[in-house]
1. Going by the structure shown, is residue 280 out of contact with any helix residue (DSSP H, G or I) (no Cβ under 7 Å at 6 or more places or on another chain), over 20 Å from residue 62 (Cα atoms) and either surrounded by 12 or more Cβ atoms within 10 Å (Cβ to Cβ) or modelled with pLDDT under 95 (or both)?
2. Listed residues 241, 302; which is over 30 Å from residue 139 (Cα atoms), touching a helix residue (DSSP H, G or I) at 6+ places or on another chain (Cβ under 6 Å) and either modelled with pLDDT under 95 or surrounded by fewer than 19 Cβ atoms within 10 Å (Cβ to Cβ) (or both)?
3. So which of 272, 292, 280 ends up being part of a strand (DSSP E or B), within 19 Å of the chain's Cα centre (by Cα), within 21 Å of residue 223 (Cβ to Cβ) and not assigned by TED's automatic domain parsing to the domain that holds residue 70?
4. Looking only at residues in segment 24-47 that are closer than 23 Å to residue 170 by Cα and over 28 Å from the mean Cα position of the chain (by Cα), which one is modelled with the lowest pLDDT?
5. Just to check your reading of the model, which residue among 324, 308, 331 is over 22 Å from residue 58 (Cβ atoms) and part of a strand (DSSP E or B)?
């Protein structure tokens, strides 16, 4: 098995429902005939519903993994990892923007731009290997985390099987009118097979054998960024964030893009709290991982919220804003990149 196919196979448990949605949102059938508006609507609903449910399963898991890692590492290693996370998140964001612009413009890149993209990918791999090296110093604890991941992959299969059954029950009329995808969604045995596969010893063995090399560094570097972007950038060629049928899969984060962006003075950061928070903290990091702004917001009610932050006086460049929210369900972190201009 090639390195790329191994990556795709190992990423599949995390992105299973998302890939299922993306695979059904193409604007063309296999035979080249355009989909009807009703078919496009159905595929959009599948992508949105199952994609969101997959994200809602994995993001809290990743947050608990992150908390466990942070408790395990020494203060020195944790400080290093936090800097790596910031730089990784900024590079991921810049890489996704480059890929999106390239797809939308349909133009070839200049040689200098292509060279910059290669340099960016090299740095991503360097960060990846640095995270792997840190993890290696805590092998017993990280192996225990790997076993937790194995169990969560099996649980994910069961969760998605139930979600597909519920979707099929709620949308039976639409599915029956579209045999192409309807037969797959209504045939519960297919999801039973997938769920059983994710619980199988073969899948467990595959995850355990490659976990320290591939999945572990990705988990180490997670710090609230968009899950789809992280997978897409870490696994070249996996374009799952935006389907070709014009259907965009849901973002993983309750944190929205700041506006204006780029910013030169004040900028507003919108976010959503699904439950009341006892503590909310907003931090802004520069490209080297240094915290340059910290706003202790305190307790907040559930719902749509905004926070304004002043970036006047900061050098131009890429920054990461990082929101930590603590509520009844625990602590969750979310992050996004932004640009400062002068």
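1. Details: out of contact with any helix residue (DSSP H, G or I) (no Cβ under 7 Å at 6 or more places or on another chain): yes; over 20 Å from residue 62 (Cα atoms): no; either surrounded by 12 or more Cβ atoms within 10 Å (Cβ to Cβ) or modelled with pLDDT under 95 (or both): yes.
No: the conditions fail for residue 280.
2. On the way: 302 fails: touching a helix residue (DSSP H, G or I) at 6+ places or on another chain (Cβ under 6 Å).
Unique residue meeting the criteria: 241.
3. Working: 292 fails: within 19 Å of the chain's Cα centre (by Cα); 280 fails: within 19 Å of the chain's Cα centre (by Cα).
Checking each option against the conditions leaves just 272.
4. 35
5. Details: 324 fails: over 22 Å from residue 58 (Cβ atoms); 331 fails: over 22 Å from residue 58 (Cβ atoms).
Being over 22 Å from residue 58 (Cβ atoms) and part of a strand (DSSP E or B) holds for just one of 324, 308, 331, which is 308.
The values are calculated or read from the model by the stated rules, or taken from the named source; none is laboratory data. Keep in mind that this is a model prediction, so the values were computed, not measured. FYI the Cβ positions are ideal-geometry reconstructions off the backbone, even for glycines, and counts take in every protein chain you see.
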